[in-house]
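Student: Here's a structure for you.
The values are calculated or read from the model by the stated rules, or taken from the named source; none is laboratory data. Because the structure is predicted, anything quoted here is derived from the model rather than measured. Cβ sites come from the backbone with ideal geometry, for glycine too, and all protein chains shown count toward neighbours. For accessibility, only protein heavy atoms count, side chains too; no ligands or nucleic acids. Shrake-Rupley method; radii C 1.70, N 1.55, O 1.52, S 1.80 Å.
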Amino acid sequence: MRALRVLLIVVVVLGVLFAVVDRVAVHFAEGQAADRLRTTENLSSTPDVSIEGFPFLTQVAGGELDDVRVGIKGYEAATGNGGRKIRIADIEADMRGVKFSGDYSSAIAATATGTATIAYGELLKAARSEPTPVLPGVTARVVGLSDGGDGKVKVGLEVEARALGIKQTFSVLSSVAVRGKKVEVSADDLPVVGGLRLPESRIRAITDFQQAIERLPGEVRLDSVRAAKDGVEITVKGSDVRLAG
């Protein structure tokens with residue numbers, strides 16, 4: 001009986017030691033992965049990397065990690081417009097089936113899903129914010145973007161007729177969608193100003209706009225988009241996503 005008790009104690013102690021070693025190892029691996037990802041993607045700051053699942057060491061022995069979660073703040077994405085970039089406030093990605101090379105110099109995820117959030121103030125840079133003629137003596141411009149509810153974007157459209165001393169801002173509820181590598185905003189309906197419906201083509205040239213996003217980390221692609229409280233939230237996904245190397 002005493003021998004059994006001693007054996008149980010030994011098993012418990014070894015289990016605790018293994019758990020401690022496993023957590024130390026995963027913490028070290030997360031730091032190394034974050035540093036490599038920062039270098040590979042030329043990030044301005046170190047990303048958050050979390051390796052899920054227990055035990056970690058048995059996953060390493062098998063050469064594949066079940067689930068790796070990555071968080072990147074303030075990512076500067078290319079737009080295809082010269083050197084202009086668009087700042088993505090937050091990227092959260094869940095990588096599954098991450099295989100790594102024997103020397104850990106490269107890692108590729110079988111699949112990746114996540115979200116990328118662009119603040120309304122940043123997306124506003126793609127809209128026409130300078131007064132643009134729509135009729136003789138009448139100009140219009142986009143002055144703000146916000147959450148319109150139900151996945152819609154609310155576009156603030158300022159219309160001014162100086163000769164008449166009129167300046168008014170209208171809320172234009174707009175749909176947002178992904179088209180290839182672009183996020184597109186298009187008005188669901190156009191405002192009537194003083195009983196006058198302005199030329200649709202000229203108004204839409206102001207209210208409707210698009211923002212290209214040429215490249216995201218690991219070459220994940222845009223899938224869908226919806227308006228949220230703090231900006232547009234883009235769903236991204238990819239396969240054979242390279243994390244490092």
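Student: From the residues in the stretch 192-240 that are modelled with pLDDT under 90 and surrounded by 21 or more Cβ atoms within 10 Å (Cβ to Cβ), which one is nearest to Gly144 (Cα to Cα)?
Tutor: The qualifying residue nearest to Gly144 (Cα to Cα) is Leu216.
Student: Also: May I ask you to verify whether Ser50 is at pLDDT 80 or above, in contact with a strand residue (DSSP E or B) (Cβ under 6 Å, 6 or more places away or on another chain) and either in a strand (DSSP E or B) or within 15 Å of Leu216 (Cα to Cα) (or both)?
Tutor: Yes: the conditions hold for Ser50.
Student: For the stretch 74-86, check the following and say yes or no: at least one residue is part of a strand (DSSP E or B), closer than 16 Å to Glu30 by Cα, modelled with pLDDT under 90 and open to solvent by less than 40 Å² (accessible area, probe 1.4 Å).
Tutor: no
Student: Checking Ser175 against (1) under 25 Å from the mean Cα position of the chain (by Cα); (2) not in a strand (DSSP E or B), which test does it fail?
Tutor: (2)
Student: Output yes when any residue across the stretch 179-202 is outside any loop (DSSP other than H, G, I, E, B), closer than 30 Å to Glu41 by Cβ and in contact with an Asp or Glu (Cβ under 6 Å, 6 or more places away or on another chain), and no when none is.
Tutor: The answer is no; no qualifying residue exists.
Student: Can you tell me which of Ser146, Ser101, Ser106, Ser129 is polar (S, T, N, Q), surrounded by fewer than 20 Cβ atoms within 10 Å (Cβ to Cβ) and modelled with pLDDT of 95 or more?
Tutor: None of the other options fit; the residue is Ser146.
Student: While we're looking at this one, here's another question. Going by the structure shown, is Asp208 within 30 Å of Gly83 (Cα to Cα), of a type in the set (D, E, K, R) and touching a strand residue (DSSP E or B) at 6+ places or on another chain (Cβ under 9 Å)?
Tutor: Yes: the conditions hold for Asp208.
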